[in-house]
1. Look at GLU191 and say whether it is under 30 Å from LEU292 (Cβ atoms), acidic (Asp, Glu), in contact with a strand residue (DSSP E or B) (Cβ under 9 Å, 6 or more places away or on another chain) and surrounded by fewer than 22 Cβ atoms within 10 Å (Cβ to Cβ).
2. Could you check, for the range 169-181, whether at least one of its residues is farther than 30 Å from ALA98 by Cα, of a type in the set (Lys, Arg), open to solvent by 10 Å² or more (accessible area, probe 1.4 Å) and modelled with pLDDT under 95?
3. Would you mention how many residues in the range 198-220 are hydrophobic (A, V, I, L, M, F, W, C), surrounded by 17 or more Cβ atoms within 10 Å (Cβ to Cβ) and part of a loop (DSSP other than H, G, I, E, B)?
4. Residues in the range 111-122: is at least one touching a strand residue (DSSP E or B) at 6+ places or on another chain (Cβ under 6 Å), of a type in the set (Ser, Thr, Tyr) and either at pLDDT below 90 or surrounded by fewer than 18 Cβ atoms within 10 Å (Cβ to Cβ) (or both)?
5. Taking the criterion of being within 27 Å of LYS192 (Cβ to Cβ) and open to solvent by 40 Å² or more (accessible area, probe 1.4 Å), would at least one residue in the range 303-316 satisfy it?
6. Scan the range 31-42 for residues that are farther than 18 Å from GLY336 by Cβ and either of a type in the set (Ser, Thr, Tyr) or crowded, with 17+ Cβ neighbours inside 10 Å (or both) and jot them down.
7. Part of a helix (DSSP H, G or I) and buried (at least 23 other Cβ atoms within 10 Å of the Cβ): is that true of LEU146 in this structure?
8. As an exercise: evaluate GLU279 against (1) at pLDDT below 95; (2) outside any strand (DSSP E or B); (3) surrounded by 16 or more Cβ atoms within 10 Å (Cβ to Cβ); (4) within 20 Å of the chain's Cα centre (by Cα) and give the number of the one condition it does not meet.
Amino acid sequence: RFNYERGFARLGGGSLGGKARGLAFANLLLTELDLTRRFPKVHIAVPPTLVIGTGVFDDFLDQNDLREFAITSNDDAKIVERFLDAHLPKDIRSSLWAFLDRCYYPLAVRSSSLLEDSRYQPFAGIYETLMVPNNSPDLKVRLGELLRAIKRVYASTFSQVAKQHLRATSYRLEEEKMGVILQRVVGAEHEKRFYPEMAGVALSQNYYPIDPIKVEDGLVAVALGLGPAVVEGEDCLRFSPRHPERLVQMSSVKDALDNSQRQFYAINLSSEGDSVSAEAFGEEAQLGRYDLSVAENDGTLAAVGSTYSPENDAVYDGISRPGVRLVSFSPVLKRGVFPLAEILAELLEVSVDAAGGQVEIEFAVNLSTPADQPKEFGFLQLRPVAVPLG
């Protein structure tokens, strides 16, 4: 019964987990908003999502006798090995088989623990997120990749990083339970590379505003390609959605050259090229890091690119002339190729009102849609900004 184009569903009992609760809330919020009138050429929605409840996590640990071992072990490699050798419940495997039989797009396998995205205990970046290409013609191969990714997310619950983080809180490891989100990756395929034109994070408050920008005007960090460029603190563009024309990073030629993104991330569907190490993103991750020349050949740089001319020592909007390519988002923020700033300003305002506090939004944008179809804005996450206790 799962709608593989626009569905949001759950599998198994227990809780959805904090991250999935945020997604469910965002999904409900978007259904109540009439954004099609404001942005008729953009489809704004939570991508198709299947959430595996925390009850499956408990069953997995108990049926494979893993709980005590995982809690007491200090060896991450052994924990991952034991988890990969274990089996998910048979009914869950059957349901995932049926799910994959309808879904032939790349999947993000994301953690959603009970404590994640809590208003008082931030757990962002503690647990695994893996990308599954999901493009093999053999359904058994695709199921095997997905099951391994799910088990790696489960194993990350007991990593040394997670255990150390929990020791700094009032919670015990025995209280933590892991849900898993299976979500379609927003983007399009370009020569065996799958990625969106834009991905990033929007915050409802900017704690370091420069006049005339105010704290409540918010802050956006966005990059070409997949989100690790933003999440890992690499070069990306930052701007206020209320003042998109004020780009401090591009205020001079030197600033533009020093701060511009020069590479981007994509899912490597062919498992070839400059792949990101398994240590950084997990064995199942098949992320590649590519130069901007690849994006230009793919046709995705035109919407976000500018050109530096060494002869004139100047930066020009667009990529129609020869020179050094930069990611400035000028076509989007200055020429209105896509209403990114307007959409984010609107979503931040309504999300703050609905959540009753400050929020962060993860998003991705796919412009590579047929001419007769709207562009896609993927609402990937809505989380409260954590407020430390005391």
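1. no
2. Among the residues of the range 169-181, at least one is farther than 30 Å from ALA98 by Cα, of a type in the set (Lys, Arg), open to solvent by 10 Å² or more (accessible area, probe 1.4 Å) and modelled with pLDDT under 95, which makes the answer yes.
3. Residues in the range 198-220 being hydrophobic (A, V, I, L, M, F, W, C), surrounded by 17 or more Cβ atoms within 10 Å (Cβ to Cβ) and part of a loop (DSSP other than H, G, I, E, B): 1 in total.
4. no
5. No: zero hits.
6. If the condition is that a residue be farther than 18 Å from GLY336 by Cβ and either of a type in the set (Ser, Thr, Tyr) or crowded, with 17+ Cβ neighbours inside 10 Å (or both), then THR31, THR36 are the ones that fit.
7. yes
8. Single failed check for GLU279: (3).
The values are calculated or read from the model by the stated rules, or taken from the named source; none is laboratory data. Predicted model, so just to flag it, every value in this text is computed and none were measured. In this analysis, Cβ positions are derived from the backbone assuming ideal geometry, glycine residues included, and neighbour counts consider all displayed protein chains. When the accessible area is computed, the model is the full protein with side chains, heavy atoms only, and any ligands, DNA or RNA have been set aside. Shrake-Rupley method; radii C 1.70, N 1.55, O 1.52, S 1.80 Å.
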